[in-house]
Amino acid sequence: IAKLDQNLPLKGKKVLITAGPTYEAIDPVRFIGNHSSGKMGYALAEESLKNGAEVILISGPTNLLSNASIKKIDVTSAKQMLDACLTYFDEVDICVMSAAVADYAPSIVEEQKIKKQTESFTIDLTKTKDILYTLGQKKKKQILVGFALETQNEEKNALDKLQRKNLDFIVLNSLNDKGAGFKHDTNKITILDKNHQKTTFDLKTKKEIAKDICAKIISIL
Ligand code: CTP
Ligand code: CA
């Protein structure tokens, strides 16, 4: 087995993966979140491990368990996820950002539970820092992979993100198909890379998609 291990394609490589949603606190009992299950990121972590990589998984709140050989760091907010990513970025070879990071967080976190009073109520939100963009600016040797979720002008918007965030490739998730998306075990993806190569895939399980994404990473190593 030791001999086989040494031939694994990601042997000696460190992979950083983000997964799940982030929760942005409003007050001690409430938050702004989203429906991300974390399944895609956890499948990627598992697949990277199988391919011999050392895996660091930075996870927002999920119900999922991960292999004991994966170094898992639990975070809650976008800010915590950014800080954890910055801690490890310099030492990794591959970085895959599959988390559904909140784009906005409450500008003020109330210390006490907000009591209902007025008929209408507004929460002021401030943009979170884009983790992927931040890493793209710091990038040296790393392979940097992002995801994109679009409901219109899918490919153009994904290509914009690929370029703006300085990625090696981007995984475009199609919501158009039945059986694809947050609540499902399946997705339909298109991979767009920085050399303008486009690969479309059939609807498949997130585990199978993780294999396709790892194969793409291995092909550009
Ligand atoms: N992302 C991130 N940090 C954020 C927001 C997004 O790292 N604060 C990452 C996601 O993990 C994903 C990629 O950026 O890999 C694209 O996320 P997406 O929500 O599709 O794009 P945004 O750039 O946030 O733009 P918008 O939501 O307006 O389409
Ligand atoms: Ca977003």
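The values are calculated or read from the model by the stated rules, or taken from the named source; none is laboratory data. Not measured: the values here are computed from a predicted model. Every residue, glycine as well, gets a Cβ built from its backbone with ideal geometry; the counts of neighbours run over all protein chains shown.
Name the residue, out of Val55, Val92, Val96, Val75, that is touching a Gly at 6+ places or on another chain (Cβ under 7 Å), surrounded by 19 or more Cβ atoms within 10 Å (Cβ to Cβ) and at pLDDT 95 or above.
Numbers: Val55 fails: touching a Gly at 6+ places or on another chain (Cβ under 7 Å); Val92 fails: touching a Gly at 6+ places or on another chain (Cβ under 7 Å); Val96 fails: touching a Gly at 6+ places or on another chain (Cβ under 7 Å).
Result: Val75 is the single residue among Val55, Val92, Val96, Val75 that is touching a Gly at 6+ places or on another chain (Cβ under 7 Å), surrounded by 19 or more Cβ atoms within 10 Å (Cβ to Cβ) and at pLDDT 95 or above.
Residue under question is Ser66, and the condition is that it be part of a loop (DSSP other than H, G, I, E, B) and surrounded by 13 or more Cβ atoms within 10 Å (Cβ to Cβ); does it hold?
Against the criterion (part of a loop (DSSP other than H, G, I, E, B) and surrounded by 13 or more Cβ atoms within 10 Å (Cβ to Cβ)), Ser66 qualifies.
Just for segment 75-128: of the residues that are charged (D, E, K, R), away from ligand 1 (no atom under 13 Å from the Cβ) and more than 20 Å from Ala53 (Cα to Cα), which one is farthest from the chain's Cα centre (by Cα)?
Filtering segment 75-128 for residues charged (D, E, K, R) gives 79, 83, 90-91, 93, 103, 110-111, 113, 115-116, 119, 124, 127.
From the residues that got through so far, the ones that are away from ligand 1 (no atom under 13 Å from the Cβ) too are 90-91, 93, 110-111, 113, 115-116, 119, 124.
Remaining after also requiring more than 20 Å from Ala53 (Cα to Cα): 110-111, 113, 115-116, 119, 124.
Values: Glu110: 28, Glu111: 30, Lys113: 31, Lys115: 35, Lys116: 35, Glu119: 38, Asp124: 26 Å.
The extreme case among them is Glu119.
For segment 36-53, does any single residue satisfy the condition of being assigned to a loop (DSSP other than H, G, I, E, B) and either β-branched (Val, Ile, Thr) or touching a helix residue (DSSP H, G or I) at 6+ places or on another chain (Cβ under 7 Å) (or both)?
First, the residues of segment 36-53 that are assigned to a loop (DSSP other than H, G, I, E, B): 36-38, 51-53.
Filter once more, keeping what is either β-branched (Val, Ile, Thr) or touching a helix residue (DSSP H, G or I) at 6+ places or on another chain (Cβ under 7 Å) (or both): 51-52.
Within segment 36-53, one or more residues are assigned to a loop (DSSP other than H, G, I, E, B) and either β-branched (Val, Ile, Thr) or touching a helix residue (DSSP H, G or I) at 6+ places or on another chain (Cβ under 7 Å) (or both).
Looking only at segment 1-20, which residues are of a type outside the set (Lys, Arg), modelled with pLDDT of 95 or more and out of contact with any Ser or Thr (no Cβ under 8 Å at 6 or more places or on another chain)? It would help to see each step written out before you state the result.
Looking only at segment 1-20, we keep the residues that are of a type outside the set (Lys, Arg), and these are 1-2, 4-10, 12, 15-20.
Still in the list and also modelled with pLDDT of 95 or more: 8-10, 12, 15-20.
Correct list: Leu8, Pro9, Gly12, Leu16.
Can you tell me which residue is modelled with the lowest pLDDT among those in segment 21-35 that are not hydroxyl-bearing (Ser, Thr, Tyr) and not in a strand (DSSP E or B)? Step through it out loud before you land on a result.
Residues of segment 21-35 that are not hydroxyl-bearing (Ser, Thr, Tyr), as a first pass: 21, 24-35.
From the residues that got through so far, the ones that are not in a strand (DSSP E or B) too are 28-29, 33-35.
On the way: Pro28: 98, Val29: 98, Gly33: 98, Asn34: 97, His35: 94.
The qualifying residue modelled with the lowest pLDDT is His35.
I need a count of the residues in segment 1-21 that are in contact with a Phe, Trp or Tyr (Cβ under 9 Å, 6 or more places away or on another chain) and surrounded by 24 or more Cβ atoms within 10 Å (Cβ to Cβ). First the steps, then the outcome.
Kept after step one, since they are in contact with a Phe, Trp or Tyr (Cβ under 9 Å, 6 or more places away or on another chain), are these residues of segment 1-21: 14, 16-17, 19-20.
Narrowing further to those that are surrounded by 24 or more Cβ atoms within 10 Å (Cβ to Cβ): 16-17, 19-20.
Number satisfying all stated conditions: 4.
Output the number of residues of segment 80-91 satisfying the condition of being under 17 Å from Ser36 (Cβ atoms), of a type outside the set (A, V, I, L, M) and touching a strand residue (DSSP E or B) at 6+ places or on another chain (Cβ under 8 Å).
Counting residues in segment 80-91 that are under 17 Å from Ser36 (Cβ atoms), of a type outside the set (A, V, I, L, M) and touching a strand residue (DSSP E or B) at 6+ places or on another chain (Cβ under 8 Å) gives 1.
Read through the list (1) part of a helix (DSSP H, G or I); (2) among the hydroxyl-bearing types (Ser, Thr, Tyr); (3) within 16 Å of ligand 2 (Cβ to nearest atom), then give the number of the only condition that Thr126 fails.
Only one criterion in (1) part of a helix (DSSP H, G or I); (2) among the hydroxyl-bearing types (Ser, Thr, Tyr); (3) within 16 Å of ligand 2 (Cβ to nearest atom) is unmet by Thr126, namely (1).
What do you reckon, is Leu162 within 30 Å of Lys204 (Cα to Cα), out of contact with any helix residue (DSSP H, G or I) (no Cβ under 9 Å at 6 or more places or on another chain), part of a helix (DSSP H, G or I) and within 16 Å of ligand 2 (Cβ to nearest atom)?
So Leu162 passes the test.
Could you check, for segment 105-112, whether at least one of its residues is touching a Ser or Thr at 6+ places or on another chain (Cβ under 9 Å) and within 21 Å of Ala148 (Cα to Cα)?
Among the residues of segment 105-112, at least one is touching a Ser or Thr at 6+ places or on another chain (Cβ under 9 Å) and within 21 Å of Ala148 (Cα to Cα), which makes the answer yes.
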